[in-house]
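Derivation of every value follows stated rules applied to the coordinates shown; laboratory data play no part. These numbers were taken from a predicted model, which means no experiment stands behind them. Cβ sites come from the backbone with ideal geometry, for glycine too, and all protein chains shown count toward neighbours.
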Amino acid sequence: MEKKSLSIRQEQVMEVLWNHPDGIVASEIVKCNDELQINTVQAALKSLVKMNYIKVGEIVYSGTVLTRSYVALISKDEYLQNRCKHLAAISSGKKIYQALLNKIEDTAELAELENIVKLRKKEV
């Protein structure tokens, strides 16, 4: 299922949620990323719920106050696959792969990718 693109702030919130699979409250999300403010996080959470990227998990205590915790509905891998499909739809796949490969500086990682390509060639 194709999902909408996320803003930078939404991605930052999702990154925190992916690292807390059991759920996390807005005030804790802010503590996990110095670039985020509570109002930004709350706005991002509201839009992410509407987009079906996340759901309200449980109602939990945050100090002495009851508050919502949030849980990701889409994994990071699913999100990245969606983004790749979107990028491939608007550009040549070769250019995307080349741009990603140019970022890699580790020869071991490049060797691992070569093995993945070899396996994929056998499948096709």
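Here are the numbers for the structure shown:
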{"item": "Where labels lie 7 Å past Cα in the beta-carbon direction, separation of S7 and K46 in nm", "result": "1.1"}
{"item": "Non-local Lys pairs in region 76-123, i.e. 8 or more apart or on different chains, that have alpha carbons under 16 Å apart", "result": "6"}
{"item": "Mean Cα-pair separation over length for the chain, i.e. relative contact order, pairs under 8 Å, 6 or more apart, %", "result": "22"}
{"item": "Size of charge dipole - region 76-123 - debye, nearest 20, with Cβ of Lys, Arg +1 and Asp, Glu -1, no other charges", "result": "340"}
{"item": "Qualifying aspartates and glutamates (Cα of each under 15 Å from Cα of K3; at least 8 residues distant if same chain)", "result": "E11, D77, E78"}
{"item": "Cα-centred dipole magnitude for the chain, charges only on beta-carbon of K, R (+1) and D, E (-1), debye, nearest 20", "result": "660"}
{"item": "Hydrodynamic radius by Kirkwood, which averages 1/r over all alpha carbon pairs of region 1-66, in angstrom", "result": "12.3"}
{"item": "Calculated from backbone phi, Karplus (6.51, -1.76, 1.60) coupling profile of region 98-113 in Hz, x at Gly/Pro", "result": "5, 4, 5, 5, 5, 7, 7, 10, 9, 5, 5, 5, 5, 5, 4, 5"}
{"item": "Gained length - A89 relative to C32, 0.36 nm times residue gap less alpha-carbon distance", "result": "17.2 nm"}
{"item": "Long-range tail of P(r) for region 19-124 (Cα pairs > 19 Å, %)", "result": "62"}
{"item": "Among E58, E15, E105: highest mean-square fluctuation, GNM of the chain, C-alpha pairs under 10 Å", "result": "E105"}
{"item": "Rh by Kirkwood over Cα pairs, then Stokes-Einstein D for region 76-123 at 0.692 mPa s and 37 °C, µm²/s", "result": "273"}
{"item": "Sequence-distant residues sharing a close amide H with V25 (under 5 Å, placed H)", "result": "Y70"}
{"item": "Around L45: net Lys/Arg minus Asp/Glu count, Cβ-Cβ under 14 Å", "result": "+2"}
